[in-house]
2 protein chains.
Amino acid sequence: MKTSECKQEIRRRVRDLKEESGSHSPSVSTLLKDIPELAVEVDACFLSNPYATDLFLKHMDDDLIRTGKLREVLEFYPPQVHDVRKYISKATTIPAENIFVGNGAIEVIQALMHRFVRQNICVILPTFSSYYEFASNDTEVIYYRLRKEENFTLDVDRYLAFVREKKVRNAAIINPNNPDGGYLSKEQLASLISGLRHLDNLIIDESFIHFAYEGVELFQISHEEMIREFPNLCIVKSMSKDFGIAGIRAGYGVMNSDKVAALLANGYLWNVSGLADYFFRVYADPGFQEAYDVVRKKYIMNTLMFLTQINSMGNVKAYPSKANFALLEILNGKSSFEFTMDLLIDHGVYVRDCSDKKGLDGQFIRVASRTFEDNLKILAAIKSA
Amino acid sequence: MKTSECKQEIRRRVRDLKEESGSHSPSVSTLLKDIPELAVEVDACFLSNPYATDLFLKHMDDDLIRTGKLREVLEFYPPQVHDVRKYISKATTIPAENIFVGNGAIEVIQALMHRFVRQNICVILPTFSSYYEFASNDTEVIYYRLRKEENFTLDVDRYLAFVREKKVRNAAIINPNNPDGGYLSKEQLASLISGLRHLDNLIIDESFIHFAYEGVELFQISHEEMIREFPNLCIVKSMSKDFGIAGIRAGYGVMNSDKVAALLANGYLWNVSGLADYFFRVYADPGFQEAYDVVRKKYIMNTLMFLTQINSMGNVKAYPSKANFALLEILNGKSSFEFTMDLLIDHGVYVRDCSDKKGLDGQFIRVASRTFEDNLKILAAIKSA
């Protein structure tokens, strides 16, 4: 336990780092570099499946490290994106002409926002901040606010009426949504996509869709097949969360072939690193996909147990989530910053203080599900905070 | 030695792959995947210092692989680019506000071309094709042709007159130039930069500058300090060639702080992978820089010996180069494709067939300098081709 003076000093330095990071939280490595006396045991800011990281690292160890082939991956230019698109096509059965490969999903979002989004874009609040921050200067951002008293649930009919009334030309929807985890069923979202067919671009971000579930079989959900019918649809796929490899920067978009051709006509030729290329080769391997689906289901189970227990605590309220995290409202009178600092300094558990998130009225934090053992530490920390 | 029928079939398949690769040559990994019976011993397409690769991999092995820290680099989000800019600033003494970090130099080129280059751009032929291919649709590309009979030397006064006459608004110059290796001295280029101060943007690509030399001390040359005096100047720095790490995708641009701020205002926040972040941390280490300068000089010496020997062969003419490669004109009546295929199929030496390079009138190949041992193989192959 640290003295209160020492805690005060750490709080001050975290606040400075937060100010440098804009609308994002400083990473654990940034924290530790500036405040080496901190002991971070669990990074519960970070929204990924750690069991999938284990699986991928095992493959990489066998294929690249033990064989000495890592050198080739790092020394030489990776193949052009055309090769990478073929692997993704093999893994997904989406034609290669509909696949745009990005240096992480964030590059797909940036390319869509800069190249195709014109006039205005409707963004749902709360949301991932890049959907409004990356808008070009001449693009108006129109906010549609989810209501706390409705558990941040999206009402499809009310949303469609809003889009018509505001003459929206482009829209972005994250499903499940970040930071609240609110989920539209496959059927609801399909009907929404159909109702938005008149927009110039409809971006559906499926970064957390591998953690959502409908039937007891926990089958994988996606709307990427719908691009065949709706040419305005752009599906954003992040590999960082599902596969636990955020440091590799791998993602792609599924969209109309004209959009992909326009993007590739004057850019994006070598935006995939050697390791991202290797990841996509592994991704296209049916044996890997089968092993992956086992750890995906294991992680969903683990997350379900975690979220169930959070709900039974008295000092926070958890909003309904089908993602791998929960949005918690703090009920014991502490500010979200104080609560976050108590978890960090007293328990080594780093969670996301949501005080900078547009559209959240109150004291909120976001907590990720990690391994079973780490989740026990997170639960104990929240309980005593 | 392969039968002529078998050679014919390999030729046909390389030609198909070449067509898929546009104005670039297929990578060795793409070749080997499609034509597994090929045995590539030396990749002399690839323009990097292999001794620098050795040095970096040794660091990475000690820091990340033996310690088990590789997981952190791959699993978690890398820090935002602001941290990375600080490392580069430390290594170069350029203020962080003037540094734009890219996913390889190619992203810096793409960002400059899409965001700031308007009306027209003057590109010197022959050149690296992205300087005309990445131009936006509404940007006119004005070509300034170097002359074979002048050894592809740039005449500064004639070039300045051309720029005035054509009302050029933007220009790109690679120094030493790719694919011929032609070099403007530090003094000549400084006077050119001054003469082009009226342009909107002047892009100087220093991808190969670490291989150029002036005094016998082989000091490092750069024009990045000149951005203080010339706000239209943008210096492109690729780490792929100097440090032999093309697969990691690391590069940056040095430019006016207003341009950097405009780019970062709505994008480019997480475009650096965990490994690129690690590379830049190593890059900022004075001990690494000192060791790097030793292998840089060793490689320059090695390249000098290589280029000297190429000049003494009868079947090719080498144009003057201060880069780590030479442009060779084929004098024995073979086409550049035939010559390239003979080197590849009979000797396992893969060189760049330049038949698709705009502005080259004749039969040309480009040959990279590799290790001392590999260079001996390249020389033997050229001699007998």
(request) Return P(r) of segment A:334-385 (all Cα-Cα pairs; 10 Å bins starting at 0; whole %; ordered from short to long distances). (result) 26, 53, 20, 1
(request) Taking the Cα centre of chain A as origin, work out the dipole magnitude from +1 charges on Lys and Arg Cβ and -1 charges on Asp and Glu Cβ, in debye rounded to 20. (result) 380
(message) With both bridge residues required to lie in segment A:183-286, what share of the DSSP beta bridges run antiparallel, to the nearest 5%?
(response) 50
(message) So the label point sits 7 Å from Cα along the Cα-to-Cβ vector; using that for A:Asp61, what distances do you get to the other copies, in nanometres, sorted shortest first?
(response) 1.9
(message) Tell me which GluC sites (Glu not before Pro) from segment A:185-240 have a DSSP coil assignment and no more than 11 other beta carbons within 10 Å of their own.
(response) A:Glu217, A:Glu229
(message) Taking every DSSP beta bridge with both residues inside chain B, roughly what % is antiparallel (nearest 5)?
(response) 50
(request) Search the structure for amide H atoms under 5 Å from the amide H of A:Ile174, placed 1.01 Å from N in the peptide plane, and list their residues when 5 or more places away or on another chain. (result) A:Asp205
(request) Let me know the charge dipole size of segment A:1-158 about its Cα centre in debye, to the nearest 20, where only the beta-carbon of Lys, Arg (+1) and Asp, Glu (-1) is charged. (result) 60
(message) Among DSSP bridges having both ends in segment A:118-272, what percentage is antiparallel? Round to the nearest 5.
(response) 20
(message) Take the residue pairs A:Lys58/A:Lys90; A:Lys18/B:Lys90; B:Lys58/B:Lys298; A:Lys58/A:Lys241; A:Lys58/B:Lys237; B:Lys69/B:Lys241 and return only those whose Cα atoms are more than 28 Å apart.
(response) A:Lys58/B:Lys237
(message) Show me the trypsin sites (Lys or Arg not before Pro) within segment A:115-202 that DSSP assigns to loop and that have at most 14 other Cβ atoms within 10 Å of their Cβ.
(response) A:Arg118, A:Arg147, A:Lys166, A:Lys167, A:Arg197
(message) Run the numbers for B:Ser185 and B:Tyr143: contour at 0.36 nm per residue of separation, minus the present Cα-Cα distance, in nm.
(response) 12.9 nm
(request) May I ask you to list the residues of segment A:321-355 whose amide nitrogen lies under 16 Å from a point 7 Å from Cα along the Cα→beta-carbon direction of A:Glu37? (result) A:342, A:344-348
(request) Would you mind telling me which residue in A:Gly104, A:Gly253, A:Gly22 has the biggest mean-square fluctuation in a Gaussian network model of chain A, where springs connect alpha carbons within a distance under 10 angstrom? (result) A:Gly22
(request) In whole Hz, with x marking every Gly and Pro, tabulate ³J(HN,Hα) for segment B:65-74 from phi via Karplus 6.51 cos²θ - 1.76 cosθ + 1.60, θ = phi - 60°. (result) 7, 5, 8, x, 7, 4, 4, 4, 5, 8
(request) Mind giving me the FRET efficiency for A:Met313 and A:Thr153? R0 is 30 Å, r the Cβ-Cβ distance, nearest 0.05 is fine. (result) 0.85
(message) Given a Förster distance of 22 Å, report the FRET efficiency between A:Leu17 and A:Phe337 from their Cβ-Cβ distance, rounded to the nearest 0.05.
(response) 0.95
(request) Per DSSP H run of n ≥ 4, the term is -39500 (n - 2.57); total these for chain A, divide by its residue number, and report the mean residue ellipticity at 222 nm rounded to 500 deg cm²/dmol. (result) -12500 deg cm²/dmol
(request) Excluding residues on the same chain fewer than 8 positions from B:Lys383, give the lysines whose Cα lies under 18 Å from its Cα. (result) B:Lys317, B:Lys334
(message) So the label point sits 7 Å from Cα along the Cα-to-Cβ vector; using that for A:Ser4, what distances do you get to the other copies, in nanometres, sorted shortest first?
(response) 9.4
(request) Under 1.5 on a/c is rounded, so check that first for the protein assembly as shown, then, if it is not, pick prolate when a/b is larger than b/c and oblate when it is not; a ≥ b ≥ c are the square roots of the alpha carbon gyration tensor eigenvalues. (result) prolate
(request) Could you run the Karplus curve 6.51 cos²θ - 1.76 cosθ + 1.60 with θ = phi - 60° over segment B:93-103 and give me ³J(HN,Hα) per residue in whole Hz, x for Gly and Pro? (result) 6, 7, x, 4, 5, 9, 10, 10, 8, x, 7
(request) Sort shortest first the distances from B:Lys86 to its counterpart in every other copy, using label points 7 Å along the Cα-to-beta-carbon line, and give them in nm. (result) 4.4
(message) Connecting C-alpha atoms closer than 10 Å in a GNM of chain B, tell me which of B:Ala91, B:Ala265, B:Ala171 has the biggest fluctuation.
(response) B:Ala265
(message) What are the ³J(HN,Hα) couplings of segment B:314-322, residue after residue, when phi is run through the Karplus curve with 6.51, -1.76, 1.60 and θ = phi - 60°? Round to Hz, x for glycine and proline.
(response) x, 8, 9, 10, 9, 8, x, 9, 10
(request) Any aspartates and glutamates with Cα under 20 Å of the A:Lys86 Cα? List them, leaving off those in the same chain fewer than 8 positions away. (result) A:Glu97, A:Glu107, A:Glu224, A:Glu225, A:Asp258, A:Asp277, A:Asp285, A:Glu290, B:Asp16, B:Glu19, B:Glu20, B:Asp34
(message) Which one, B:Leu32, B:Ile109, B:Val14, projects farthest toward the positive side of the charge dipole computed for segment B:1-126 from Cβ point charges (K/R +1, D/E -1)?
(response) B:Ile109
(request) Could you work out the relative contact order of chain A, using alpha carbon pairs under 8 angstrom and six or more residues apart, expressed as a whole percent? (result) 24
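Laboratory data are not the source of any read-out in this text; all were calculated from the coordinates shown. What you see is a predicted model; the values in this text were computed from it and never measured. Cβ sites come from the backbone with ideal geometry, for glycine too, and all protein chains shown count toward neighbours.
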